[in-house]
Amino acid sequence: MDLKEYIRSIPDYPKKGILFRDITTLIKNEKAFTNCIDQIVEKSKKFKFNKIAAVESRGFVFASAVSYILNKPFILLRKKNKLPAETHSVDFELEYGTATIEMHKDSISKEDSVIIIDDLIATGGTAEAAAKLIKISNGKVSGFIFVINLFDLGGCDKLIKDGFKVENLIEFPGH
């Protein structure tokens, strides 16, 4: 199945000059969504890990399904001030702004190896921040799986250069 056919492209969202790749058209189609999750599960076999993490909010859609299928714990990486217990936090740059993500301090321990799943990678700022959160907790990042790689924005290349394993399902140019 060509998952690209199920991704809607929206020009000038969230601001002028951005071509937004919308995954809602993929997840509302049961066959496309099931195929997407099956592909992520298959790609996860390339990694050794005992926990799955994802970044709020679209990453949760994919990672929670994969976590259920693989029977692995799911760690939430959330926007600032959304988690109730003690957190680690990391500030980072987005393609069109800045943000902070947080994780509960008790989510990861020293022996944990984590894959990070997200819907899309652009410049890599969010992914790098997610990796920092795992490292702050003394966990190891086993790798990343993205549904979409905006290949010309360089995020995957940056992660690979930093020594991370990266997998993605489909690619589009950015902007």
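The values are calculated or read from the model by the stated rules, or taken from the named source; none is laboratory data. Please read all numbers here as calculations on a predicted model, not as lab measurements. So basically every Cβ, Gly included, is an ideal-geometry build from the backbone, and we count neighbours across all protein chains shown.
The table for this structure:
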| item | result |
| --- | --- |
| Selection within region 76-117 - touching a residue at least 24 places away in the same chain (Cβ under 8 Å), over 24 Å from LYS28 (Cα atoms) and hydrophobic (A, V, I, L, M, F, W, C) | VAL90, PHE92, LEU94, ALA99, ILE101, MET103, ILE108, VAL114, ILE115 |
| Some residue of region 26-41 being surrounded by fewer than 18 Cβ atoms within 10 Å (Cβ to Cβ), in a loop (DSSP other than H, G, I, E, B) and modelled with pLDDT of 95 or more | yes |
| Subset of region 111-130 (residues that are over 19 Å from SER57 (Cβ atoms) and not polar (S, T, N, Q)) | GLU111, ASP112 |
| Any hit, region 79-94, residues being within 19 Å of LEU133 (Cβ to Cβ), within 17 Å of the chain's Cα centre (by Cα), crowded, with 18+ Cβ neighbours inside 10 Å and modelled with pLDDT of 95 or more | yes |
| Qualifying positions in region 147-175 - surrounded by 15 or more Cβ atoms within 10 Å (Cβ to Cβ), farther than 21 Å from ALA32 by Cα and among the β-branched types (Val, Ile, Thr) | VAL166 |
| Considering residues of region 63-76 that are farther than 11 Å from ILE40 by Cβ and in contact with a Phe, Trp or Tyr (Cβ under 9 Å, 6 or more places away or on another chain) only, the residue surrounded by the fewest Cβ atoms within 10 Å (Cβ to Cβ) | TYR68 |
| Lone unmet requirement of (1) of a type in the set (Phe, Trp, Tyr); (2) surrounded by 20 or more Cβ atoms within 10 Å (Cβ to Cβ); (3) part of a loop (DSSP other than H, G, I, E, B) for PHE47 | (2) |
| Residue identified as of a type outside the set (A, V, I, L, M) and in a loop (DSSP other than H, G, I, E, B) among ASP91, ASP106, ASP119 | ASP106 |
